[in-house]
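K.L.:
Sharing a structure here in structure tokens format.
Any read-out appearing in this document is the output of simple, stated calculations on the displayed coordinates, not a laboratory observation. From a predicted model like this one, the values you see are computed outputs, not experimental measurements. Because the Cβ atoms are built from the backbone with ideal geometry, glycine has one as well, and the counts that use them run over all protein chains shown.
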């Protein structure tokens, strides 16, 4: 059994189908275009859908003929062909290939030779032999395969009708209905439009065209019998369906169709192809052929000379260059796409037109059909069909020729057929531009159209206005506007958005230009417009003589003293060829992104210079850091780095004396001639310490503050004491004056001849006050030191009397804050803030007191000027150098947020440059070659099973509670840190959280004492730090139990100095210290081992603790051990610390960026798996 497809023979007999339909149908089936196939074996109805230009519904009637073969004599489809089309063949071929219907199509018996009668019947039906050929060979099947595939690509062939089939034709009949009554005007009758009807006819046996047996309604049935040529039937069917394409069923079509109402767009294609398809186009009655013109009819206006000098304007229709004089003219198509013309066949004896042949209004005569161009207006067509003649009186002749004629010519060709009137030659419009130049480099542009007619010119706006009725040559206008190009790419104002709202820009009808736009128009756009054909340019006013200046502008910078302390007016002047250039204008032009700047004289210069862009950035920075951004341009004495960059861009013209002295020293790093070690200092300063002393003395001499940020252990205290000794010596020798007076910024605070008679106020943490006192006595024995150990209210002392005669007053931050009113009344030579990170919060009381205290010199001493974020650095600088970054809000906007959130490395570099003159920082690695090595190691502590189980139980509980609170850290900060502290304590000892679990051994204590056993046996001494005094107490209890000697210091220790001295001078091998109470300000070089029992994310705290022993004076290698509990929150804290520790080194010297604040993301990471 052979499957049917496009590449094999059909099992179904399809004798009623053309070869082209069969070949195309096979290809469609092979391409899989058939779907939804259904078959009713009882009735033989096969249905389905076939995808062509659209999806068609197709049905085939299948019957089994006498020889057992399935045959299809008729198939119906809703395509334009309607029946026996390629879609039916595709349906049959696809059904044969479907295994569901295979049995139906298989012949019931082997083919046999047809009888003679069967052969005759087959020939009568399709002219082809119905004899079954022998089974084809493989070669024959291969031949059919390529032929079938390529046949679908061949153009349709014109088949001559068989001599046995009668020819078909299309008969035309012209009707002129009687006049109709008109209700318009005064009433009366008006002529009715002629109607052209058509119907199919067949050639009769007597050689005449007859309607018998054929009509529009019966076309669908004529194909069954095969009595007519299939090509002709398909042409008529397509004509019918195109006439009324919206009508699905044409079975009720009338005997005549009106050509006036033909709706299809393919009418002229059908008419021109009728002859090729064997369809005769004939007239009713005489059978004369109907003429169909190939080319479009041409509608024109004909102007002729009228009576009395006037003009007559009427319509004229031409076909192939010959005017149409037909008496009857009618419309073809709906909408109208052609005309028909007819002349009466015979004139009457009186010479008038012959009457219609009968009362039905049928007109006999020749008939011509012609298509119309698509752009014919309805008004022009109506005018032509009415055959109106409009008379223009002689008095209006000039108006018609100069005004109406140019506009009428846009609607239709205008001629004078008899050449009686000379029509003006048409001239395309001209695009006119008026450029009116004004003062201050302004120009106003106005575009319009000039339409010349004879000696007159009609002006029209560039774009049609609302309600305008003027006729324009739109094609010429569009071409000329396009030739102008897109000048708005050079000058934005020369373009306007379409509809003034959206879309691509178009040429603006008017534009007002100024400044650089006027320059660009004059030098770039105007010369280009003058060269365009069809564009005329007129200018008015004086055009400036523009020229480019190539030499660089000269920038002059100056400073002038003001009445306000620390601030100087900053002057910036730019000149070009000796001509003053407004800096404000340059600044605005740079901010707007302009590349050139135009001067009043017409000279212009390029702004694309690095020095100008850098100048703008620096001035922008200076303004941004001040609260009053729109005020006078000022610079502070503390902004030496900013001045240095400004001075490199131009010529320094004038400087205030105080400014010059202060800035030069800051930029050079100290005085030009360094001082030796003060005689009153009982110490030998190392070279870097001597440099630090000279830097401090320079700041003091000019009333400038600073930050001494040397690494912990480098002797910041002794450098500060050296400054105090030098100030005392200068005062005794009468050298120098009050620091504020020297700086030119006199301060009214205090009395006496100089600041050497006033004490220095040292504010330090409580635990360090004693150390400061002992260090002062040791290194500066010639200075009188007083220490404040309680409030003046409690002691009953008078502050003035207590301070009188002192050289150094030492107090704690707590007492300074509580008794600020007492300190604020006393004159001080300077304020020294030791461990200045205690005032890092600019909203704290301690910060406010340090900021408010009036002193000519303020120094922040700290190894960690910043721990968490950049605002801590701002807080210190705002105390010691208040003019560097005056506004915290501006500092946060300009520096903090871009650096911490956006990792702006360029701004980070700029910040370091600004801070550098007022901050001195040296690291131990850089300045001390002989400092012993420091080795750090993490001891991993594995919790015992009971300890681990209790920890995990609490961890799950705290995690479930905390993770939902992290969306608002500020609101829930207390709860979050409470859970964090609980988990950290559980990592140390569960009894710190639950005393009922005191029986569970602390794994960390066990590991610690394993280490201490060797340390003590080998004669080493160790510092043991913890943030939790509770855990430190458990270490103490165990040491007592094991009989090991130790010293202990926490926040509750009263005799701090005695405890420290006992460890330094005694034999105790161990010193237990709470991190907060003793992590800074102590010098404990006697120890060479350090144990940190509980890590925290802030690396500065741990570094300070380690540096209690790893500092100047240490002779041994220092071993640092950090005990970290495995699989606990401590491991996550260590990872977070590594990330956060980058911030400090970034700001001081690094290149990468990290955020220092503990964020919601950081906290979430501590609680998650």
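K.L.:
Note down the nm distance, to one decimal, between modelled labels 7 Å out along Cα→Cβ at residue 609 and at residue 549.
P.N.:
Here the modelled spin labels are 0.9 nm apart.
K.L.:
Of 699, 986, 445, how do they rank once you tally other Cβ atoms within 10 Å and put the fewest first?
P.N.:
445, 986, 699
K.L.:
What full-extension length gain, to one decimal in nm, is calculated for residue 577 and residue 851 as 0.36 nm per residue of separation minus the Cα-Cα distance?
P.N.:
Extending this stretch completely gives an extra 93.8 nm.
K.L.:
Ranked highest first by average number of other Cβ atoms within 10 Å, how do 806-812, 1005-1011, 853-859 line up?
P.N.:
Descending mean neighbour count gives 853-859, 806-812, 1005-1011.
K.L.:
Sticking with this structure for a sec: R0 = 35 Å: FRET efficiency of residue 208 with residue 386, Cβ-based, nearest 0.05?
P.N.:
Given R0 = 35 Å and the Cβ-Cβ separation, E is 0.35.
K.L.:
Any idea what the relative contact order of the stretch 688-927 is, in percent, if you count C-alpha pairs under 8 Å spaced at least 6 apart?
P.N.:
For the stretch 688-927, the relative contact order is 26 percent.
K.L.:
Another question, then. Post the alpha-carbon centroid distance, the stretch 388-423 to the stretch 64-92, in whole angstrom.
P.N.:
Each part reduced to its Cα centre gives a spacing of 63 Å.
K.L.:
Give me the number: length gained by fully extending residue 675 to residue 591, i.e. 0.36 nm times residue separation minus the C-alpha to C-alpha distance, one decimal in nm.
P.N.:
Contour length minus the Cα-Cα distance gives 25.5 nm.
K.L.:
Still on this structure, I have one more. How do 405-417, 15-27 rank on mean C-beta neighbours within 10 Å, highest first?
P.N.:
Top of the packing list down: 15-27, 405-417.
K.L.:
Given the C-alpha centroids of the stretch 254-291 and the stretch 704-726, what is the distance between them in whole angstrom?
P.N.:
Using only Cα atoms to place each centre, the spacing works out to 114 Å.
K.L.:
May I ask you to sort 1054, 472, 13, 265 by Cβ crowding, counting other Cβ atoms within 10 Å and putting the fewest first?
P.N.:
The order, fewest Cβ neighbours first, is 1054, 265, 472, 13.
K.L.:
With the cut-off at 1.5 for a/c, could you classify the stretch 902-959 from its C-alpha gyration tensor as rounded, prolate or oblate?
P.N.:
oblate
K.L.:
Projected area of the stretch 688-927, taken from the Cα convex hull and averaged over every viewing direction, in nm²?
P.N.:
Over every viewing direction, the Cα hull of the stretch 688-927 projects on average to 13.1 nm².
K.L.:
Right, another one. Could you tell me whether the stretch 298-415 comes out rounded, prolate or oblate from its Cα gyration tensor? Rule is a ≥ b ≥ c as square roots of the eigenvalues, rounded for a/c under 1.5, then prolate if a/b exceeds b/c, otherwise oblate.
P.N.:
Oblate, since a/c reaches 1.5 and b/c is not below a/b.
K.L.:
With a ≥ b ≥ c the root eigenvalues of the C-alpha gyration tensor of the stretch 798-843, is it rounded (a/c under 1.5), prolate (a/b larger than b/c) or oblate?
P.N.:
The shape class here is prolate.
K.L.:
Work out the FRET efficiency for residue 912 and residue 465 from their Cβ-Cβ distance, taking R0 = 56 Å, and round it to the nearest 0.05.
P.N.:
0.30
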